[in-house]
Structures are given as C-alpha cells and as structure tokens.
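Before any comments, here is the structure.
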Amino acid sequence: MTPKSKALLAGLKDHDPRAIGRAISAVENNGMEAAEILSALDQDLIDNVLVLGITGPPGAGKSTLTSSLIRTLREQRKRVGIIAVDPSSPISGGAILGDRIRMMDHALDPDVVVRSMATRGRLGGLCASAGAAVRIMAASGCEVILIETVGVGQSEMDIVRLADITLMVLAPGFGDDIQAMKAGLLEVADFLVVNKSDIAGAEALCMDMEQIFSAKEEESAIKRVLKTIATDNAGIAELLNTVNRFSSYIKTNGIKEKRRGRALEAETLDWVFEILRPGLKQAISECSERSDPRVRAQELIDTLNL
Ligand SMILES: Nc1nc2c(ncn2[C@@H]2O[C@H](COP(=O)(O)OP(=O)(O)O)[C@@H](O)[C@H]2O)c(=O)[nH]1
Ligand SMILES: [Mg+2]
C-alpha cells in the first residue's frame, strides 16, 4: 500500500474531514490509491449508513430543506455527509449547495462533510464517483448521507438509484413540473415532501399527492406525503422520524438489500466504462480506418476478448 493510501485511511478512521475530501479526489482521479482505499473501507459502516436522496425541480426548496435536515440531524448528534450533485458547470461555480452549507452554521462543524459534484463537463462516471463518495463518507463515520440532485436529467436519476430512500421535494406553484413528472414520480420517490406549505396551494397539492401515493402508503402503513416549511425548520423532525421508520421497514423486508444490490450493479457498470475509457479512446484515435462507427465499436470490443 502506498504511504498516501495509508495516511488517507488513517485520516478516515480519525473522522478527519480533509481526509474524506482527499480520498474522494484520489478515487475520482482514478490513481493508484483508488483501489487501495476503496477495498480497505469498513464494510459494516457502509452497510449501516442511511443514504437519503433528495430530488425535485429547481426552486422547490431542496437546498433549504437539506440545511434544515442537517441542523436536526446534528441536534440528534448524528454525523452527516452531503453530496451535492449540481447540473451547472464546474467553472461557473457548480458548488451552489456546498458553498451555501459552508457559509451557514455548519461551516465549522467537523461532523458535517460536504462534497459537490458537477454533472456538466464530465464524461460520465458520476454514479461511480458518487457511490465511492458515499462509501468513503460512511467509512469515516457519517451515519446519514444526503444526496441532493435536481430531478431533471438522466444522470441525476441515475444518482437517485444510489439512495436507500428517495424524497421528492415539491412546492405549490410547480404544477407543470408535477404534471411532467407524474408518471416517474411514484417509481422514483418513496416520499413526497410538500415544501413551502406556508404559501397558498399547499393543501391542494398535498391532497393531489396523497391520492397518487395512497397505494404505497397502504403497503407499509407509513405516511408518504409530508408537509414542511424548510425556511422555518417546520415539519423536519416529523419527516426524519417517518423516514427512520421507513428505513427500519425496508431493512426488515429485504428492500434495502435489493436496492443496494441494484446500486452496486449501476456503479460497477459505470466503473467499467471509467476504467476502460482512456485505453478505448487511445485505440479509437489510433485506428485510421474510417468505417461505420457501430462496426468499428464491435471490432474494438472483439479485440478486447470480453
Ligand atoms: N415560503 C417559503 N420559501 C421557501 C421554503 N423553502 C425554501 N424557500 C425559498 O425558496 C427558494 C428556493 O429554495 P432552494 O432551497 O434554493 O431550492 P432548490 O433549488 O430546490 O435547492 C429560496 O428563496 C428559499 O428561501 C419554504 O418552506 N417556504
Ligand atoms: Mg439547490
């Protein structure tokens, strides 16, 4: 093992937030340390962490809600990791949520660890990176990990698959977004959070959503549509209580294990591309033949002997 890997792993054990950041960067750079670090992480901690996905349209209040959740989790003495997946470019300041949290009351709290990831300007590998970040944070003592994504693009939806439990955040006035998402809503979301319930239209939105989610609710006997006012920290404790009950429910009936298995498959596939990409790019650029791309791709794969 390289001295760098050793030092990083020791830092993770010590709950050093800088070690977490460096370990995630080392894995993202896919250097020598990546495999060394990832294969030495504490599997029990990884198994037991709760990974919460927070998605929904821009402006619904995801970042505000995330901040409130962090505050309440910290009051419960939980160590929290946050992965903020941001669709904006890395250059134009992708780390909106990250910056915000750093600026807020959690800025100096060593038990709140934030990592931002931009979706634009990368060739994929988001699922792989985010999955690795989850494991590194868990192995460094984070008990709850929040992944905030904007629920619009495919890559963001892939990220949702890393979560044990997914919250969809909506707010009054997002009627068009809701119509567009209705079909996927049930499939993706375990909970529907009606945020901004201090403004007009929240009650109607709740009733609408309760109808959509009624079948799910019956299944687990756990309330699936919850109201919050993220700016006032209202409804957050109840939301967390309900999520915890659901967390126990999915553990006992095997749903969590199934979801983790699916996430592992998605991440593994992502890593296969990540690891092969440089070599494949090289091979493609060296090939002088100008045949059909589909044909060339198959030829290339055949030479790999897969
Ligand atoms: N009235 C009201 N405004 C809120 C609430 N939650 C968030 N907001 C505001 O809604 C705007 C968007 O919030 P933000 O968290 O950035 O949304 P995101 O794009 O989903 O992350 C901000 O101006 C927030 O202050 C709420 O519960 N009630
Ligand atoms: Mg946000």
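Here, each number is a calculation from the coordinates, and none is a lab measurement. Because the structure is a prediction, the values reported are computed rather than measured. Don't worry about glycine lacking a Cβ; one is built from the backbone with ideal geometry, like all the others, and counts go over all protein chains shown.
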When the charge dipole of the chain is computed with +1 on Lys and Arg Cβ and -1 on Asp and Glu Cβ about the Cα centre, the Cα farthest towards its positive end, among Gln43, Gly61, Ala189, belongs to Gln43
Measure up Lys4/Lys78; Lys78/Lys227; Lys62/Lys223; Lys216/Lys258; Lys216/Lys251; Lys223/Lys256 against 25 Å on the Cα-Cα distance and list the ones that go over.
Lys4/Lys78
I'm a student and want to see the number: the projected area of the Cα convex hull of the stretch 142-291, averaged over all directions, in nm².
12.7 nm²
Over 19 Å [Cα-Cα, the stretch 159-239], rounded percent:
34 percent
nm² value of the averaged projected area, convex hull over the Cα atoms of the stretch 1-40:
2.3 nm²
List the residues whose amide H sits under 5 Å from the amide H of Ser116, counting only those 5 or more places along or on another chain, with H placed 1.01 Å from N in the peptide plane.
Ala84
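What 222 nm value per residue comes from the helices of the chain, counting each DSSP H run with n ≥ 4 as -39,500 (n - 2.57) and dividing by all residues, nearest 500 deg cm²/dmol?
Computed ellipticity for the chain at 222 nm equals -18000 deg cm²/dmol.
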Calculate, for Arg262 and Asn241, the FRET efficiency according to 1/(1 + (r/R0)^6) with r their C-beta to C-beta distance and R0 35 Å; round to the nearest 0.05.
0.85
When the Cα centres of the stretch 1-45 and the stretch 254-273 are compared, how far apart do they sit, in Å?
21 Å
Tell me, in nm to one decimal, what length is gained between Phe273 and Thr2 on full extension, where the rule is 0.36 nm per residue of separation less the Cα-Cα distance?
95.0 nm
Rounded to the nearest 20 debye, dipole of the chain from Cβ charges on Lys, Arg, Asp, Glu
460 debye
How high is the FRET efficiency from Arg296 to Ala10, r the C-beta distance, R0 41 Å, rounded to 0.05?
0.30
10 Å-binned pair-distance histogram of the chain (Cα, whole percent):
6, 26, 33, 21, 10, 4, 0
With each pseudo-label sitting 7 Å past Cα toward Cβ, what's the Tyr249-Lys182 distance in nm, one decimal?
2.4 nm
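Dipole of the stretch 1-40, Cα-centred, from +1 at each Lys and Arg C-beta and -1 at each Asp and Glu C-beta, to the nearest 20 debye? It would help to have the intermediate numbers written out before the result.
Numbers: 5 positive and 5 negative charges, 20 e Å.
The dipole of the stretch 1-40 has a size of about 100 debye.
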